Amino acid sequence: MHSTPRRKMLITATATAALLVTGMLTAVTAHAATGCAVNYSVGGQWSGGFTGNVTVTNLGDPITGWTLRWSFSAGQRATEAWNATVTQNASAVTATDVGYNASLPTGASTSFGFNGTWNNTSNPAPTSFTLNGVTCTGTATPTGGPTTPPPPSDPPPPIPPQAGLVGWATQNGGTTGGGGAPASTVTSASALSTALGATGSAVIRVSGTISCTGMLRVRSNKTILGNPGATIAGCGLNISGDRNVIIRNLTFRGWNDDAVNVQESATNVWIDHNTFSNGYDGAVDIKRGSDFVTVSWNRVFNHDKSMLLGHSDDNGGQDAGHLRVTYHHNWFDASTQRHPRVRFGNPVHVYNNYYYANSGYGVASTMNAGVLVEGNYFENVKDPYHLGEGSSGPGSLVARNNHFVNSGGGQAGGSVAGIPYPYTLDGASSVKSIVTGGAGAGRITV
């Protein structure tokens, strides 16, 4: 269809005293029996959801594979994870290594994270953990133990930062998708279309390659997750006038309209860790009064028109005061233009994205839009950002803390409204390695 830095709040407490107070985030250090120590924290929280961070330290003999277990006491559920495989049965949660972090010499630590759901009232930290069956009651540096862990045989892999929901989709009541609804798996276009169009909350898992044409309507309160290798070929997803939708870990290719279209005052949408290539029109287009959207950790390659924000120059009556979108940690990999192209939205937040060899341009602010472009990495991009585009008049654009390699300097001007949500800004010079190591489908476990 054509068309101030985040504060990572960690409040450390003992295991027996860790309770969530409304408006606060909590952390707990569960000290283990001789053998292990665990630090558990809530690093981000929004309506219905939160991000958990876990660091486990081996204080006993070296191990070559690990399983960490704990229980939630207030109905929380772990929904997806990174740097570990996390499953849950009733209140019992099990996290296991993912191969590259299986080896833990004496004194060594490993960290992983997960997204979860909670009841918006109480989110207490777990009070006990076991590592390979041993209750963790030791200290992170045991008496008489090594003060410096022995170096691992291989360098540890980078830990993806900010893997939970950040940005505009946390506002307006937050974005939880299907929440804790039972998951169903679809393997055909007809089954996918039926599941997407059903009323009520749903968690929909896509498995294999689904070939289709046109646009499949997505109704409110849906979480759409790709199993490993899940691909949607030939068609796209249309969120039109609905709200509270999450789309993660899918590969889209060869769509004949848009891959993801958010329109007609749709709100609270999170589009995360997907891969887009070889489509006809927009990879992710957001328009016609839509609002409160986060587009994060996606990769776009072999494609022209990446991400349009705002339908047309004469649609200000519907769009002004809306089109508030966050774009962060996306990899625009030699895609041509619209990363994004913005009309009317203010403030639109474009931070910590990696732009590589974009032959058209990076970001365009037009039609009185206000765009904050910060902490991005531009490599081999002659036109990183500018005001106005084609027949569209200029908007405002504030640029700060960006990193340029063999790239132009960009055009900025005017002022932009303030960002209302917390976020963490990665150093721009590190964004290339962070984003290429974490963006796109297949980089998270969901």
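The values are calculated or read from the model by the stated rules, or taken from the named source; none is laboratory data. Note that the structure is predicted; figures quoted are calculated from it, not measured. Methodologically, a virtual Cβ is constructed for each residue, glycine included, from the backbone with ideal geometry; neighbour enumeration extends over all protein chains shown. Note: accessible area is taken over every heavy atom of the protein model, side chains too, but ligands, DNA and RNA are not part of it. Shrake-Rupley method; radii C 1.70, N 1.55, O 1.52, S 1.80 Å.
Side notes on the structure shown:
- The C-alpha radius of gyration of the stretch 170-297, expressed as a fraction of 2.2 N^0.38 Å, stands at 0.93.
- From the alpha carbon centroid of the stretch 332-365 to that of the stretch 218-270 is 20 Å.
- Taken about its Cα centre, the stretch 235-363 carries a charge dipole of about 260 debye when Lys and Arg each add +1 at the Cβ and Asp and Glu each add -1 at the Cβ.
- Counting only residues at least eight positions apart within a chain, or on another chain, the aspartates and glutamates with an alpha carbon under 14 Å from that of residue 287 are 242, 258, 264, 313, 314, 319.
- Of the residues 311, 339, ranked by 1.4 Å probe accessible area with the largest first, the sequence reads 311, 339.
- Cα-based convex hull, the stretch 293-446, per residue volume (Å³, whole number): 109 Å³
- Alpha-carbon Rg/Rh ratio, for the stretch 325-376, with Rh computed the Kirkwood way: 0.95
- The stretch 223-322 - Debye-derived log10 I(q)/I(0), Cα point model, q = 0.11, 0.12, 0.23 Å⁻¹: -0.29, -0.35, -1.21
- Across all Cα atoms of the stretch 191-241, the radius of gyration (one decimal) and Dmax (whole number) stand at 10.5, 30 Å.
- Across q = 0.14, 0.19, 0.27 Å⁻¹, the stretch 244-296 modelled as identical point scatterers on its alpha-carbon atoms has Debye log10 I(q)/I(0) values of -0.33, -0.61, -1.08, in the order of the q list.
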